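K.L.:
Pasting a structure below so you can have a look.
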Amino acid sequence: MIPLLFWEFSVKASRQLGSNSQTSEMSGAEREIRSRIAQHAAITFTEFMELALYHPGGYYSDDSPVGARGDYFTSPVLHPAFGALIAVQLRVMWDTLGRPSPFWIVEPGARYGQLATDILSFTDTHMDEFARALRYVETDRSTRAAPPDLDSRPSRLRASRIPLDGIVGCILSNELFDAFPVHRFQITDGQAEEMYVSVGADGDFREEFGPPSTDRMAERLSALPRQLPDGFRGEVNLGLGDWMTDAAAALDSGYVLTIDYGYEADELYSDPRARGTLQTYYKHVDGSSPYQRIGRQDMTAHVDFSTLITEGLNAGLRPVFLTTQAEFLASLGFNAMLASMSARDTERSGRTANLRAMSQLVKPDGLGRFRVLAQEKNSGITRSTDLLPSPEHLAGLRAPLMTANHLYSKPGFSIM
């Protein structure tokens, strides 16, 4: 922590943000944040974000942040075709490893378990031998149980890291890293200053800049492909390296498959994003400040895929491919699934709703621009095309129908 005297004499910039909260309206996360600031004068933004999201009174302790009643939606809750196509990829991975049994799927940050349910449902229906080999483990920092109508087969562990080893299979994550707490910085006189959060005499939160709290932040920025100009603001996610180290240690042989939104470093730290990428969401609306609705709104930042690749290599994970979600799903038979849905002999309104939901998965200015990174360890493959499905994998591929757990099945729900 930064001592009080540092803040009295050395802070170079300060800005008032947010509005004063009445104690009775504060979430448990906000009370804890204010308590820590009272003890230490200021805390790093990464500590602020950690508490706002993951404190027992924070955002992810809420019952329903995902879906039509929540603050955001993800690919698995839009349509089961997403899980079905990932099942195709997992089966290809199983083949490249010599069809081991068991074949483990470990999904960190699984939340309610919709992705696991859709993967297991599709493999049960279309991939009998593979389905018998599967062992699925979900991990999440939340203690929340899956709804009773979701598949109960995955083992569910409460964990922030990967509490397993000896895995032969795939570590699969969807929108995991964007919710990691980040250090925020600003370039001043050619040097990086870190953002801290304090509270003014009026009770409002303030942003202040001072020396980095860790040398790792400066080291990460010094490795960027260009020197950032004065005034540039951005984020550094220092949790990626530790996570990749854990993943590599847990994996004996197989793959790490990451789906998230973000860029490689040269795009992430470029002029169009010179104010940073931190975003807040409340009821599907992009918010304006992380200092409002603390513990009640989502908070995310774009993922640095260059760091994921570099840290993975350092830990023994070789990159196989980096592509967009649209291209990834297309390579796994998305168009064949779409055609099968168009030809379904079912009620027109239901067929239309399914087609619209599927189209959102590959929308170029939406989910389709998410990045997909595949990394391998001791898999034996030599090129990215080894992970492409064969005609045998794609034979008879048929899109599953939405269930009551998918958003487009909700009355009145639509996305423009």
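The values are calculated or read from the model by the stated rules, or taken from the named source; none is laboratory data. Keep in mind it's a predicted model, so treat the numbers as computed, not measured. Ideal geometry is used to build each Cβ from the backbone, glycine not excepted, and the neighbour counts take in all protein chains shown. Ligands, DNA and RNA are stripped out before the accessible areas are found, and what is left, the full protein with its side chains, is counted by its heavy atoms. Shrake-Rupley method; radii C 1.70, N 1.55, O 1.52, S 1.80 Å.
K.L.:
Considering (1) open to solvent by less than 20 Å² (accessible area, probe 1.4 Å); (2) modelled with pLDDT of 95 or more, say which one residue 280 fails and leave the rest.
P.N.:
With (1) open to solvent by less than 20 Å² (accessible area, probe 1.4 Å); (2) modelled with pLDDT of 95 or more applied to residue 280, the lone miss is (2).
K.L.:
Looking only at residues in the range 218-251 that are of a type in the set (S, T, N, Q) and in contact (Cβ under 8 Å) with a residue 24 or more places away in the chain, which one is farthest from residue 270 (Cα to Cα)? Write out each step before concluding.
P.N.:
Applying the first criterion (of a type in the set (S, T, N, Q)) to the range 218-251 yields 222, 227, 237, 245.
With in contact (Cβ under 8 Å) with a residue 24 or more places away in the chain added as a condition, the list becomes 227, 237, 245.
Details: 227: 10, 237: 17, 245: 28 Å.
Residue satisfying both the conditions and the ranking: 245.
K.L.:
Which one of these does residue 80 not meet: (1) modelled with pLDDT of 95 or more; (2) more than 18 Å from residue 405 (Cα to Cα)?
P.N.:
Unmet for residue 80, out of (1) modelled with pLDDT of 95 or more; (2) more than 18 Å from residue 405 (Cα to Cα): (2).
K.L.:
Still on this structure: Hey, residue 288 hits all of (1) more than 17 Å from the chain's Cα centre (by Cα); (2) at pLDDT 95 or above but one; which does it fall short on?
P.N.:
Unmet condition: (2).
K.L.:
Could you pull out every one of the strands (runs of 3 or more DSSP E) wholly within the range 170-274 that has 1 or more residues that are of a type in the set (Gly, Ala, Ser) and either touching a helix residue (DSSP H, G or I) at 6+ places or on another chain (Cβ under 6 Å) or closer than 30 Å to residue 96 by Cβ (or both)?
P.N.:
Values: elements: 183-188, 191-199, 205-210, 233-236, 251-260.
Here the list reads 191-199, 251-260.
K.L.:
Please enumerate the residues belonging to the range 340-363 that are among the hydrophobic types (A, V, I, L, M, F, W, C) and open to solvent by 60 Å² or more (accessible area, probe 1.4 Å).
P.N.:
Step one: of the range 340-363, the residues among the hydrophobic types (A, V, I, L, M, F, W, C) are 341, 343, 353, 355, 357-358, 361-362.
The answer is 343, and nothing else.
K.L.:
Here's another thing I want to ask about it. Can you tell which of 343, 399, 353 is at pLDDT below 95, farther than 27 Å from residue 129 by Cβ and touching a Ser or Thr at 6+ places or on another chain (Cβ under 8 Å)?
P.N.:
Values: 343 fails: touching a Ser or Thr at 6+ places or on another chain (Cβ under 8 Å); 399 fails: farther than 27 Å from residue 129 by Cβ.
Every option except 353 fails the conditions.
K.L.:
Quick check: is even one residue across the range 249-259 charged (D, E, K, R) and either modelled with pLDDT under 95 or open to solvent by less than 40 Å² (accessible area, probe 1.4 Å) (or both)? Show your work before the answer.
P.N.:
Applying the first criterion (charged (D, E, K, R)) to the range 249-259 yields 252.
Those left that are additionally either modelled with pLDDT under 95 or open to solvent by less than 40 Å² (accessible area, probe 1.4 Å) (or both): none.
Looking for residues that are charged (D, E, K, R) and either modelled with pLDDT under 95 or open to solvent by less than 40 Å² (accessible area, probe 1.4 Å) (or both), one finds none in the range 249-259, hence no.
K.L.:
Now for a separate question. Restricting to the range 22-53, and then to whatever is among the acidic types (Asp, Glu) and over 23 Å from the mean Cα position of the chain (by Cα), can you tell me which residue is modelled with the lowest pLDDT? Please lay out each step first, then the result.
P.N.:
First, pick out the residues of the range 22-53 that are among the acidic types (Asp, Glu): 25, 30, 32, 47, 50.
When the remaining residues are screened for being over 23 Å from the mean Cα position of the chain (by Cα), the result is 25, 30, 32.
Numbers: 25: 81, 30: 97, 32: 97.
Among those residues, the one meeting the criterion is 25.
K.L.:
Sticking with this one: Working carefully through the options 368, 380, find the one that is modelled with pLDDT of 95 or more and open to solvent by less than 20 Å² (accessible area, probe 1.4 Å).
P.N.:
368
K.L.:
I would also like to ask the following. Any idea how many residues of the range 149-192 are basic (Lys, Arg), surrounded by fewer than 21 Cβ atoms within 10 Å (Cβ to Cβ) and more than 24 Å from residue 405 (Cα to Cα)?
P.N.:
Result for the range 149-192: 1.
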